[in-house]
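In what follows, a single structure is set out as structure tokens and then discussed.
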Amino acid sequence: MSHADRNITGTPEALAVPARRARLQESWILLRRNRLALAGMVIFLLFFAVAVAGMFLTTGTSPALDPNLVRLQEKLRPPLSRANLNSLRPEEVPKSGVYLLGTDELGRDVFARMLQGAWVSLTVGFVAVGIAVVIGVVLGGLAGYFGRGPITVAGVLAVLLLGGAAVAAGTLPGSLRVLGVVVAVALAGVLVLLRRRRPGGLPSFLGLQILTVDMLITGLIDIMLCFPSFFLILTVVALLPASIYNIMVVIGITSWMGAARFVRAEFLSLREQDFVTAATALGVSDLRIIFRHMVPNAMAPVLVSATIGIAGAILAEAGLSFLGFGVPPPHATWGNILSDGKNYLFDAPWLTYIPGCAILVVVLSFNLFGEGLRDILNPKLRERH
Amino acid sequence: MTTLANNIILRGQGLRRYFPVRRGFLQRVMGWIKAVDGVDLKIPAARTLGLVGESGCGKSTLARLILKLDEPNEGTILYRDRDITHLSREEMKPYRRKMQIIFQDPYGSLNPRMTAGHTIEEGLRTIGLKDRDQRRRRVAELLEKVGMPAWAADRYPHEFSGGQRQRVGIARALSVEPELIICDEPVSALDVSIQAQILNLLRGLQRDLGLSYLFISHDLNVVEYMSEVVYDKHLNPYSDALFASMPVPDPAVKRIWQPLAGDVPSPFNPPPGCKFQNRCPLVEDRCRAAEIPLYQANGDHLVRCWKVLGR
Ligand SMILES: Nc1ncnc2c1ncn2[C@@H]1O[C@H](COP(=O)(O)OP(=O)(O)OP(=O)(O)O)[C@@H](O)[C@H]1O
Ligand code: SF4
Ligand SMILES: [Mg+2]
């Protein structure tokens, strides 16, 4: 036994820590090798800058570029044509003196309108995908982490009661409303608490398991995937007042399934990993395990699908606006510029090609960047370098 | 070698864990994988119980049962004579910090997105060390204890070698000041030279901190080196065969070459009786008939074998 007691600390092996190579730097090297993804990222950043700049240039009381200023005497001017100073009042003259991308059928500056539309596309893309990712991560995480957890008769009753409370809040008159809500919420609370504290004190059928959490959520995902999503969005939008916020929300709540699936799959495999077991054995709380150990390790595929999802959301918004269900006029979006322009396809082709190409380039760049990200974030690829 | 100390830190009685095998469209249960099938064990305080067995024989499952990361289908787990088998999460809390685990795979056992320091701090947080500076200081102490420099705290797992990761894993286990550490093949994935360093580290820690170990391995040499008590599967003709097929470092020692033949029994609906019946050179009819009682032979070695029993 004596020879074992030597050399406990400070062994040569323990001191030799390899030189530090930052993750970010490594990612950058991988990205540089992937030309298409790099191009995608450059356009992504450019688009971001243009959209933010556009927001500042086209809003306010006297914007530098007014997207809504109508100059009927200057309608359908081709790109790069100079403003006709004789026919315009001084405040109508564009600041640069040139219609960079021409004017539309009402003589509005297409460059200004494209800038305004870029901001719409950017916000719709990011907010819709943000909503989708939050829903997807929460539902996918629940399915992956608590998947085997049973949903009992009591649980379903509690949810129904809470749903009833919500309906009561919306429909019942005055004092009845308060009563209805209080009774329903109290019943639901009693049900949940009693089942937690004294499961024996309740009729046993309440404890019957109907489903598992995982079955419920994967079922929901499958149902949502059955609908062709653009028509689903179209249907919902047709029922709602047209506004940019409704569009964002609707696109968001109809496109979370991909993220949910990714997160669920990642959680299922992460749950079996030794470092999660170690955290459980240390007594780390569920919440901390989920948010410190599992979410950061599950985010890579979500990030990829989100990047590609932004492209999808931009395309969906443009499609809706093109069909007239999108952001209401006079607010410009790439979709409604395209839609208005199609009537002048032969007289003023720039009205169609400019927004069309912008959509194409931005959507393509997001897709390429997303696919590049997937390669970069793939740990198997990383280990080779 | 002494006989089993009276001072038992953890006791497992008749532990069983069966996993259902589901097949087909309706996912009907078609049979059971008997991963742990009737295990009794006693881990002596401040000493080491060695557990030997081949891959897939349920060693890790047993470790999970003992740590209450999984529920046994049958049997009880006593921690210092307190039955912890059916404790709830909340009731289990005070016992969590008493028992820790070290894993085999140095790659999977550390969160790739956390620095070594943060990994070790997790344990410190759960035992209520609120002050950040105090935690950092304690992390440095723990790193030193496992033979790592303090600056390793700011490094990510991919910056360490396998042996270094194992050390970080040991520091994490030590962070909650446990009494018992379950070492689930902690050196199987390491180079031989580094294996020795880690084993020495573990022995040194045991001596300094009075730790108890349940030391799991499939390498009899390693278990011999670590343990005073070896559970099961020793001392029967089968383990003689295992010992015989083990490389002998000292050429002066001669062993009769006794190769192992036959199949490892499938854990899926295993046959009754001795688990070594397919491979044991001394197998007889009663080995195939019924469960064999656990027998204490030759001081601390526990055995399930008719040949030893009937001697
Ligand atoms: N969650 C589970 N569901 C179904 N079967 C399982 C589960 N966990 C383990 N098993 C099965 O139980 C048996 C024992 O597995 P275990 O990991 O405990 O073996 P082991 O002795 O640790 O092996 P190794 O030496 O390779 O680590 C295996 O056949 C395995 O397939
Ligand atoms: S019980 Fe029988 S089969 Fe098993 S090891 Fe002993 S002699 Fe061999
Ligand atoms: Mg194992």
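Here, each number is a calculation from the coordinates, and none is a lab measurement. From a predicted model like this one, the values you see are computed outputs, not experimental measurements. Neighbour counts run over all protein chains shown; Cβ positions are idealised from the backbone, glycine included.
In chain A, if the dipole is taken from +1 on Lys/Arg beta carbons and -1 on Asp/Glu beta carbons about the Cα centre, which of A:Leu106, A:Ser27, A:Leu282 is farthest to the positive end? The one lying farthest along the dipole's positive direction is A:Leu282. Backbone phi angles across the stretch B:114-123, fed through the Karplus curve with coefficients 6.51, -1.76 and 1.60 (θ = phi - 60°), yield HN-Hα couplings of 10, 5, 4, x, 5, 4, 6, 4, 3, x Hz in residue order; Gly and Pro are listed as x. Compute the separation of the alpha-carbon centres of the stretch A:144-187 and the stretch A:210-282 and state it in Å as a whole number. The stretch A:144-187 and the stretch A:210-282 have Cα centres separated by 22 Å. In the stretch A:286-385, which trypsin sites (Lys or Arg not before Pro) fall in coil by DSSP and have 15 or fewer other Cβ atoms within 10 Å? Qualifying residues, ordered by number: A:Arg384. For the pair the stretch A:296-365 and the stretch A:61-110, the centres of their Cα atoms are 24 angstrom apart.
Of A:Ala238, A:Ala166, A:Ala158, which is the most mobile in a GNM of chain A whose springs link Cα atoms less than 10 angstrom apart? Maximum fluctuation in the GNM of chain A, among the listed residues, is at A:Ala166.
Around the amide H of A:Ser81, modelled in the peptide plane, lie the amide H atoms of A:Tyr99, A:Gly102, all under 5 Å away and 5 or more residues distant in sequence or on another chain. How big is the gap, in Å, between the Cα center of the stretch B:181-205 and the Cα center of the stretch B:85-119? With the stretch B:181-205 and the stretch B:85-119 each reduced to a Cα centre, they are spaced 18 Å.
The sum of -39500 (n - 2.57) across all DSSP H runs of n ≥ 4, divided by the residue count of chain A, sets its helix-only mean residue ellipticity at 222 nm to -21500 deg cm²/dmol. Taking θ as phi - 60° and the Karplus parameters 6.51, -1.76 and 1.60, the scalar couplings of the stretch B:95-105 work out to 7, 4, 6, 7, 10, 10, 9, 10, 9, 6, 8 Hz in sequence order, x denoting glycine and proline.
Residues A:Leu270, A:Leu351 in ascending order of nearby Cβ atoms (within 10 Å, fewest first): A:Leu270, A:Leu351. Around the amide H of A:Ile151, modelled in the peptide plane, lie the amide H atoms of A:Ile210, A:Leu211, A:Thr212, A:Val213, all under 5 Å away and 5 or more residues distant in sequence or on another chain. Model label sites at B:Glu284 and B:Asp81, defined 7 Å from Cα along the beta-carbon direction, differ in position by 4.1 nm. Sites listed here are trypsin sites (Lys or Arg not before Pro) in the stretch B:73-135 whose DSSP assignment is loop and whose Cβ has at most 12 other Cβ atoms within 10 Å: B:Lys130. Fewest-first ordering of B:Thr61, A:Thr58 by other beta carbons within 10 Å of each residue's beta carbon gives B:Thr61, A:Thr58. Put in order of Cβ neighbour count within 10 Å, fewest first, the listed residues B:Cys274, A:Cys357 become A:Cys357, B:Cys274.
The stretch between A:Phe291 and A:Phe48, if pulled fully straight at 0.36 nm per residue, gains 84.6 nm over its current Cα-Cα span. A simple charge model with +1 on the Cβ of Lys and Arg, -1 on the Cβ of Asp and Glu and nothing else charged puts the dipole of chain A at about 760 debye relative to its Cα centre.
Counting only Cβ charges, +1 for Lys and Arg and -1 for Asp and Glu, the dipole size of the stretch A:258-334 around its Cα centre is about 60 debye. Using the alpha-carbon positions of chain A, Rg (one decimal) and Dmax (whole number) come out as 28.1, 103 Å.
For the set B:Lys93/B:Lys145; B:Lys42/B:Lys130; B:Lys59/B:Lys130, the pairs lying more than 28 angstrom apart at their alpha carbons are B:Lys42/B:Lys130; B:Lys59/B:Lys130.
Projecting label points 7 angstrom from Cα along Cα→Cβ for A:Val192 and A:Val249 puts them 2.3 nm apart.
What the Cα convex hull of the stretch A:239-385 gives, in volume per residue, is 136 Å³. The phi torsions of the stretch A:45-61, fed into the Karplus equation with coefficients 6.51, -1.76 and 1.60 and a -60° offset, translate into couplings of 5, 4, 4, 4, 5, 4, 5, 5, 4, x, 4, 6, 6, 10, 10, x, 6 Hz, rounded to whole numbers, with Gly and Pro shown as x. Spin-label pair A:Leu85-A:Leu211: with each label point 7 Å from Cα along the Cα-Cβ axis, the two points sit 7.0 nm from one another.
Between A:Leu364 and A:Ser62, residue separation times 0.36 nm minus the direct Cα-Cα distance comes to 105.3 nm.
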